[in-house]
Amino acid sequence: MIIGLIPARGGSKGVPRKNVREIEGNPLIAYAIECAKKCPSIDHVVVSTDDDEISRVAEKFGAEVPFLRPSELARDTAAMLPVLRHAVEFLEDHYKKRIDLVVLLDPTGPLRTVEDVEGAIEMHKESKCEMVISGNVARKNPYFNMVKEKDNGFVELVCSSEESIVCRQDAPKVYDLNTVVWVYSRKAVMEDNARLSKETMLYQIPAARTIDVDSEEDIELLEEYLRKNRR
């Protein structure tokens with residue numbers, strides 16, 4: 001069984017109540033729900049929330065909300081893995097079936113497409129890895145134009161290389177992680193204790209679809225993108 005899990009706690013600080021914030025006619029969370037419902041590989045679209053209003057909105061748009069997330073898993077400091085474990089344990093008991101894959105679809109990545117989600121799921125199945133994460137080619141490269149400050153106040157490149165790198169094109173390719181789609185095996189959720197499993201693969205998403213809604217500026221960018229594409 002494959003679960004599409006949408007995490008949506010009520011206590012967002014960057015943009016208060018962002019998961020139910022109306023964006024071009026729909027609450028933000030609706031974009032994740034509607035995409036997940038169109039994915040043929042996903043058996044159940046489930047929202048994990050601690051918030052009654054988010055729960056009502058999620059059900060209105062067709063998601064299942066069979067539980068409310070415990071308050072200790074809805075704090076700013078709560079990591080994602082315990083949230084996923086809680087969902088898997090509850091849902092396996094609820095559906096009386098074993099969950100094979102958890103497809104994490106954060107509401108903050110509303111420009112994802114069905115092709116993005118299905119492509120990541122297919123990569124997971126074909127590669128037999130533990131996780132597939134989504135990313136896009138980074139604008140800055142730690143081998144070339146990113147530095148960190150040392151204790152003595154001087155700076156150095158974030159990553160060093162034995163070979164001389166004189167232009168960005170010579171540097172190893174690096175990626176920004178985004179919130180479009182992360183696919184976890186059951187083992188990655190229930191047994192591994194790391195944000196990224198050792199057997200993790202990257203699914204590339206075009207940068208234009210990787211707006212990560214975390215500020216009012218991000219919402220303005222998203223609204224402009226949606227208006228432009230509708231025209």
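The values are calculated or read from the model by the stated rules, or taken from the named source; none is laboratory data. All values reported here derive from a predicted model rather than from experimental measurement. All Cβ positions, glycine included, derive from the backbone under ideal geometry; neighbour counts span all protein chains shown.
Report yes if some residue within segment 62-69 is in contact with an Asp or Glu (Cβ under 8 Å, 6 or more places away or on another chain) and at positive phi; otherwise report no.
Residues of segment 62-69 in contact with an Asp or Glu (Cβ under 8 Å, 6 or more places away or on another chain): 62, 65, 68-69.
Applying the additional criterion that residues be at positive phi yields 62.
Yes, because at least one residue in segment 62-69 is in contact with an Asp or Glu (Cβ under 8 Å, 6 or more places away or on another chain) and at positive phi.
So in segment 189-231, with the set limited to residues that are in contact with a strand residue (DSSP E or B) (Cβ under 7 Å, 6 or more places away or on another chain) and of a type in the set (Val, Ile, Thr), which one is farthest from ILE99 (Cα to Cα)?
Step by step, filter segment 189-231, then rank; the result is ILE219.
So, in segment 117-153, how many residues would count as being more than 30 Å from ASP170 (Cβ to Cβ) and of a type outside the set (A, V, I, L, M, F, W, C)? Even if it seems obvious, please write down each step before you answer.
To start, the set of residues in segment 117-153 that are more than 30 Å from ASP170 (Cβ to Cβ) comprises 117-118, 121-122, 124-126, 128, 130.
Filter again for of a type outside the set (A, V, I, L, M, F, W, C), leaving 118, 122, 124-126, 128, 130.
Total satisfying the criteria: 7.
Within segment 123-145, take every residue that is without any contact (Cβ under 8 Å) to a residue 60 or more places away in the chain and part of a helix (DSSP H, G or I) and give me the one that is surrounded by the fewest Cβ atoms within 10 Å (Cβ to Cβ).
Result: GLU126.
Within segment 155-187, track down each residue that is touching a residue at least 60 places away in the same chain (Cβ under 8 Å), outside any loop (DSSP other than H, G, I, E, B) and hydrophobic (A, V, I, L, M, F, W, C).
First, the residues of segment 155-187 that are touching a residue at least 60 places away in the same chain (Cβ under 8 Å): 178-186.
Next, only the ones that are outside any loop (DSSP other than H, G, I, E, B) stay: 182-186.
Of everything in segment 155-187, those that are touching a residue at least 60 places away in the same chain (Cβ under 8 Å), outside any loop (DSSP other than H, G, I, E, B) and hydrophobic (A, V, I, L, M, F, W, C) turn out to be TRP182, VAL183.
Please count how many residues of segment 18-70 are part of a helix (DSSP H, G or I) and surrounded by fewer than 17 Cβ atoms within 10 Å (Cβ to Cβ).
The initial filter retains those residues of segment 18-70 that are part of a helix (DSSP H, G or I), namely 18-20, 28-37, 52-60.
Next cut, surrounded by fewer than 17 Cβ atoms within 10 Å (Cβ to Cβ) only: 34, 37, 52-53, 56, 59-60.
Counting residues in segment 18-70 that are part of a helix (DSSP H, G or I) and surrounded by fewer than 17 Cβ atoms within 10 Å (Cβ to Cβ) gives 7.
Scan segment 60-81 residue by residue and report those that are free of Cβ contacts under 8 Å to residues at least 12 places away in the same chain and over 19 Å from the mean Cα position of the chain (by Cα).
If the condition is that a residue be free of Cβ contacts under 8 Å to residues at least 12 places away in the same chain and over 19 Å from the mean Cα position of the chain (by Cα), then LYS60, GLU72 are the ones that fit.
Of all residues in segment 107-122, which are of a type in the set (Asp, Glu) and buried (at least 22 other Cβ atoms within 10 Å of the Cβ)?
The initial filter retains those residues of segment 107-122 that are of a type in the set (Asp, Glu), namely 115-116, 118, 122.
Across segment 107-122, the qualifying residue is only ASP116.
In segment 8-46, which residues are closer than 22 Å to GLU89 by Cβ, in contact with a Pro (Cβ under 8 Å, 6 or more places away or on another chain) and not small (Gly, Ala, Ser)?
Residue satisfying the conditions is VAL46 alone.
Out of everything in segment 90-143 that is in contact with a Lys or Arg (Cβ under 7 Å, 6 or more places away or on another chain) and either aromatic (Phe, Trp, Tyr) or modelled with pLDDT under 95 (or both), what residue ends up being nearest to PRO40 (Cα to Cα)?
Result: VAL137.
State whether one or more residues within segment 80-94 are in a loop (DSSP other than H, G, I, E, B), surrounded by fewer than 20 Cβ atoms within 10 Å (Cβ to Cβ) and in contact with a helix residue (DSSP H, G or I) (Cβ under 9 Å, 6 or more places away or on another chain).
Quick first cut of segment 80-94, residues in a loop (DSSP other than H, G, I, E, B) only: none.
No, segment 80-94 has no match at all.
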